[in-house]
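Visitor: Input: one structure, supplied below.
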Amino acid sequence: MEFPPFPGFRSQAFSFLKDLKEHNDRDWFNERKSVFEDELKWPMQCLVVDASRRFASEGIELTGDPKKSLFRIYRDTRFSKNKAPYKTHVAAVLSESGSTKEQGGVYIHVEPRNCFAASGFWDPDSKHLGQIRTRIAQNPGAFLELADHFESLGIPLTQRSEGLKRMPRGFEDYTDSEIADYLKWKSFIVVRSFTQKQLSTPDFTDEIVRFARDIKPLASL
């Protein structure tokens, strides 16, 4: 199926998500499923495909797929006390293969008054986290330059979660170093916020391409 350029999210998209937060049940959703598909799923698919085309033309090694790059709106409630069946946001990922299971790509989050793009490594497994910490310890100067770079772009490197209280095993010698706090982190994320107005125009694809360019240095982690 051919997807046109991203048209922008209309106001109906944000109204739907706002109402879903108040009426999070299957009957309400099923009666309005066509609104979800027309106002949220379809534009997000267009955005993913549109951005992928732009990435390819600019040599950015990320891609998206209209089928596998979008997160499902349905929540997994099996192990949660919150049994609400639906998420109250929509999201997608542009990654090396287009899968949502990969990290280091561009995550797009659409939610009333909470729209953003993010990238980095969110709670990576212990092996990957150990590799990141080792690279930081081996070249602290380069890492601190990277942190300064993202700060200058207005997307400071953050962990967005609680880190370790003590130095991780094997890194005790860095307790009094400039990188000590970073070695305790369990995630490394950059985030750029956007307004609903920005998401309402086709120009938002440009913002995603710009963000993808800006986060390229994260690949060094």
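Visitor: Give the stretch 176-205 a look and list any residue that's part of a helix (DSSP H, G or I), charged (D, E, K, R) and either touching a residue at least 60 places away in the same chain (Cβ under 8 Å) or within 19 Å of Arg113 (Cα to Cα) (or both), or say none.
Guide: Result: Lys197, single match.
Visitor: Would you point out which residue out of Arg160, Arg213 is of a type in the set (D, E, K, R), in contact (Cβ under 8 Å) with a residue 24 or more places away in the chain and not in a loop (DSSP other than H, G, I, E, B)?
Guide: Arg213 is the lone residue from the list that is of a type in the set (D, E, K, R), in contact (Cβ under 8 Å) with a residue 24 or more places away in the chain and not in a loop (DSSP other than H, G, I, E, B).
Visitor: Next question. So Ser220 passes all but one of these: (1) farther than 23 Å from Arg72 by Cβ; (2) modelled with pLDDT of 95 or more; (3) in contact with a Lys or Arg (Cβ under 9 Å, 6 or more places away or on another chain). Which condition number does it fail?
Guide: Unmet condition: (2).
Visitor: State the number of residues belonging to the stretch 93-133 that are more than 30 Å from Thr205 (Cα to Cα) and assigned to a loop (DSSP other than H, G, I, E, B).
Guide: Total meeting the criteria: 1.
Visitor: Additional query: Which one is farthest from His89 (Cα to Cα), of the residues in the stretch 113-132 that are in contact (Cβ under 8 Å) with a residue 60 or more places away in the chain and crowded, with 17+ Cβ neighbours inside 10 Å?
Guide: Per the stated criteria, the residue is Ile132.
Visitor: Can I ask one more? Does Phe171 meet the test of being surrounded by 13 or more Cβ atoms within 10 Å (Cβ to Cβ) and either touching a residue at least 60 places away in the same chain (Cβ under 8 Å) or under 30 Å from Trp42 (Cβ atoms) (or both)?
Guide: Details: surrounded by 13 or more Cβ atoms within 10 Å (Cβ to Cβ): yes; either touching a residue at least 60 places away in the same chain (Cβ under 8 Å) or under 30 Å from Trp42 (Cβ atoms) (or both): no.
It is false that Phe171 is surrounded by 13 or more Cβ atoms within 10 Å (Cβ to Cβ) and either touching a residue at least 60 places away in the same chain (Cβ under 8 Å) or under 30 Å from Trp42 (Cβ atoms) (or both).
Visitor: May I ask you to list the residues in the stretch 63-92 that are in contact with a Leu (Cβ under 7 Å, 6 or more places away or on another chain), closer than 18 Å to Ala212 by Cβ and part of a strand (DSSP E or B)?
Guide: Thr63, Ala92
Each row is one residue, and each column tells you yes or no for (1) touching an Asp or Glu at 6+ places or on another chain (Cβ under 6 Å); (2) outside the structural domain of Lys18 (by TED's automatic domain parsing); (3) more than 23 Å from Leu62 (Cβ to Cβ).
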{"residue": "Val110", "(1), (2), (3)": "no, no, no"}
{"residue": "Phe116", "(1), (2), (3)": "no, no, no"}
{"residue": "Leu129", "(1), (2), (3)": "no, yes, no"}
{"residue": "Glu145", "(1), (2), (3)": "no, yes, yes"}
{"residue": "Thr158", "(1), (2), (3)": "no, yes, no"}
{"residue": "Lys165", "(1), (2), (3)": "no, yes, yes"}
{"residue": "Ala180", "(1), (2), (3)": "no, yes, yes"}
{"residue": "Thr195", "(1), (2), (3)": "no, no, yes"}
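The values are calculated or read from the model by the stated rules, or taken from the named source; none is laboratory data. Keep in mind that what you see is a predicted model, and the values were worked out from it rather than measured. Note that we place each Cβ from the backbone using ideal geometry, even for glycine, and neighbour counts take in every protein chain shown.
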